[in-house]
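A.B. asks: My questions will all concern the structure given below.
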Amino acid sequence: MTSRIIFLSLVVSLSLQVHGSQSGIVWAQEHLPPFLAESTGDQVNVRAGQSANFEKLCQLSKGEEVVVFSKEYSWYKIQLPPSAKSFVSKDYVQFLGQNAGGVTATDVNIRAGAGIHHTILGQLAKGEQIYIQEEFDEWYRIEPLSESYGWVSQELLTFKSKDISSYQMLPPRSFVDEPISEPILLADEQNPSEEIMNAVDNVAEDFIKAESKGIITVVGFVEPYEDEGTDGIYFKIVAGGQPVCYIQGTNHMLGRFVHQKVSVDGTVNQKLLSKYSQPVVVVLKIRLIL
């Protein structure tokens, strides 16, 4: 009798162990990243690294959703919420107007604060587009990018769903079709060259104003360029029913102004001067005219 009890006890014990082990495996599989999680409390810190010693990037409110991409030690790696701090040095950004900027160098660091002593959160490629939220002395605070990540202590997040489609993801990183280069100045920095002004017909003369240091200002409507993609040109400026110039810049940003009246400051691309019937302007600044 005693032996039968012992045998049954062993069977029950083994059954519980196997069932428990299988449940653990199923739980682990269900919770493999990426998955949707939510904050278990108020003012939950998102940090720049896997330690409380790293900079605080933002805070999550109770029940706020985030996407978890991996786990290291007792910390979850999450996509940064839009409120998180991200900074880039002005030295590597060309301001394009409308709070947009283009990156002018390779491997530009995104940092957790306005200074080189802050933690690196990621890197930007030349030609990549950023959106500026605030301006500091030598730094821009930018909108976090889709590949920007922070860290939250595991105990402060709880699993919610494997379906992350309901989460409002940050927009993907965007690149111009050709990397941004240094602005191409006119041959004479003080006054436009005769060659350039000769390329501007009588209609365009009414809408193009030559400024000092090789900068010209163009006023007109942004319209798609029919042969889009050629030489990286996707848009043109039209005034009086006629094309005034073609424009080069961050195409994702320029596309916001299609069919809108704008004022464009830029420099003439001399390399393309003889190729087009109107000058090609490298956009430095664009402003909407209401």
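A.B. asks: Among the lysines, select those whose C-alpha is under 26 Å from the C-alpha of Lys285, and discard any that sit fewer than 8 residues away in the same chain.
C.D. replies: Within the straight-line cut-off, Lys285 pairs with Lys85, Lys90, Lys126, Lys209, Lys213, Lys236, Lys261, Lys271, Lys275.
A.B. asks: Whose amide H sits under 5 Å from the amide H of Gln260, counting only residues 5 or more places off or on another chain, with H placed in the peptide plane?
C.D. replies: Excluding prolines and chain starts, which carry no amide H, the hits are Val222.
A.B. asks: Going by amide H atoms built from the backbone, whose H comes under 5 Å of the H on Val280, apart from near neighbours?
C.D. replies: Long-range HN contacts for Val280: Tyr246, Asn269.
A.B. asks: DSSP loop trypsin sites (Lys or Arg not before Pro) in the stretch 213-286 with at most 13 other Cβ atoms within 10 Å of their Cβ, which ones? Intermediate results must be reported in sequence, preceding the final value.
C.D. replies: On the way: sites: Lys213, Lys236, Arg256, Lys261, Lys271, Lys275, Lys285; in loops: Lys275.
Passing both the DSSP loop test and the Cβ count: Lys275.
A.B. asks: State the extension gain, in nm to one decimal, for the chain segment bounded by Arg287 and Asn99, taking 0.36 nm per residue of separation less the distance between their alpha-carbons.
C.D. replies: Numbers: separation 188, 0.36 × 188 = 67.68 nm, distance 1.06 nm.
Difference between extended and current length: 66.6 nm.
A.B. asks: What is the sum of charges, Lys and Arg at +1 and Asp and Glu at -1, for the other residues whose Cβ falls under 14 Å from the Cβ of Gly113? Spell out each step's value before the answer.
C.D. replies: On the way: positive: Arg47, Lys56, Lys85, Arg111, Arg141; negative: Glu55, Glu134, Asp137, Glu138.
Neighbour charge sum, excluding Gly113 itself: +1.
A.B. asks: Here is a follow-up. Tell me which residues come under 5 Å, amide H to amide H, from Leu96 once H is placed; ignore anything under 5 positions away on its chain.
C.D. replies: HN-HN under 5 Å from Leu96: Gly101, Gly102.
A.B. asks: On to the next question. Just to verify a number: FRET efficiency for Glu134 and Ser274, C-beta to C-beta distance, R0 = 30 Å, to 0.05? Let's see the in-between values first.
C.D. replies: Numbers: r = 43 Å, r/R0 = 1.43.
So, using R0 = 30 Å, E works out to roughly 0.10.
A.B. asks: Counting other beta carbons within 10 Å of each residue's own, what order do Asp137, Asp42 fall into, fewest first?
C.D. replies: Fewest-to-most ranking of Asp137, Asp42: Asp137, Asp42.
A.B. asks: Take the Cα pairs of the stretch 87-143, get the Kirkwood Rh, then feed it into Stokes-Einstein at 20 °C and 1.002 mPa s and tell me D in µm²/s. Mind dumping the intermediate values first?
C.D. replies: Values: Rh = 11.0 Å.
Value of D from the Cα-based Kirkwood radius: 195 µm²/s.
A.B. asks: Between Thr158 and Ser146, what length comes free when the chain is fully extended (0.36 nm per residue of separation minus the Cα-Cα distance, one decimal in nm)?
C.D. replies: Working: separation 12, 0.36 × 12 = 4.32 nm, distance 2.20 nm.
Gain on stretching Thr158 to Ser146: 2.1 nm.
A.B. asks: How would Tyr225, Tyr76 line up from fewest to most surrounding beta-carbon atoms within 10 angstrom?
C.D. replies: Working: Tyr225 16, Tyr76 24.
Arranged by neighbour count, lowest to highest, Tyr225, Tyr76 become Tyr225, Tyr76.
Every read-out reported here was derived from the displayed coordinates using simple, explicitly stated rules and does not represent laboratory data. All figures in this text were calculated on a predicted structure; none of them were measured in a lab. No Cβ is skipped: glycine too gets one built from the backbone with ideal geometry, and neighbour counts run over all protein chains shown.
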